[in-house]
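Heads up, the thing below is written out as structure tokens.
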């Protein structure tokens, strides 16, 4: 995730809602909270988007369609998926490497491009990058007992350096996807030469995303998304590939997932954070659709079947 903000907690006196009971656990992402105002200038506050809640032993997720405009809640901060008031005090892990305690201020209101339920916090962004977006994830907050480790975004000059095992798996997935597209739509004629397969080997890949998660044994998990231009005149103008690989402290690589799609997938998956409690770990993913963003908690791997329900085993 982009480190576009340095965060500064500001002490405010706010009434706190009830804190989580027993084993309950709440998870939210921190974003800019500026309504329809431009994000190219400092925001007044950061907002929290609740994305998951463990209450009475069951997980709730927000998978509703918020694309239609809705009004601010004029009642207590009740998050509908869990049918519970939001806790008032949270702990945050931020993209600039800091962490701290913050409080919620006000009521739920539409936030970001897709009107997702958001509540203001007493955190203020001190520095905003020129390409900042309402939907940038600037950190993760939890209410309840858990630890968080963020997938850190590699800077542009370091994105291309990722394990060779994943590089090979991505290339194989790209070729398989192009072969499938060619079988569907390529009709070789005098005007349409054979597919330029060599481009998959020599074309410059742009790395749109490279996020890294540190592991207890000193290893790392890499998540990478690449784009390869293929053929402007054929059925596959570009190939977008996504993959994840775990590299142990001893240097052993294990490819966790790999996929490719001509033109780009219908859903982009991007890992945000690892959440740990009592030795059990779940990964928080953001899913980008054409008309919205959702978040899911899964065991430590991406869901290959997007219809598969989240199965976080933290209790």
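What the table below lists for this structure:
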item	result
Residue 226 vs. criteria part of a strand (DSSP E or B), closer than 25 Å to residue 137 by Cα, modelled with pLDDT under 95 and not assigned by TED's automatic domain parsing to the domain that holds residue 117	yes
3 or more residues modelled with pLDDT under 90: qualifying strands (runs of 3 or more DSSP E) within segment 117-191	123-125
Those residues of segment 45-67 which are modelled with pLDDT of 60 or more, exposed (fewer than 13 other Cβ atoms within 10 Å of the Cβ) and part of a loop (DSSP other than H, G, I, E, B), in sequence order	56, 57, 64
Residues located in segment 89-102, provided they are surrounded by fewer than 17 Cβ atoms within 10 Å (Cβ to Cβ) and assigned to a loop (DSSP other than H, G, I, E, B)	96, 97, 98
Of the criteria (1) at pLDDT below 90; (2) within 27 Å of the chain's Cα centre (by Cα), which one residue 195 fails	(2)
Residue 241 vs. criteria more than 28 Å from residue 30 (Cβ to Cβ), part of a strand (DSSP E or B), at pLDDT below 95 and in the same structural domain as residue 168 (by TED's automatic domain parsing)	yes
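The values are calculated or read from the model by the stated rules, or taken from the named source; none is laboratory data. Because the structure is a prediction, the values reported are computed rather than measured. Neighbour counts run over all protein chains shown; Cβ positions are idealised from the backbone, glycine included.
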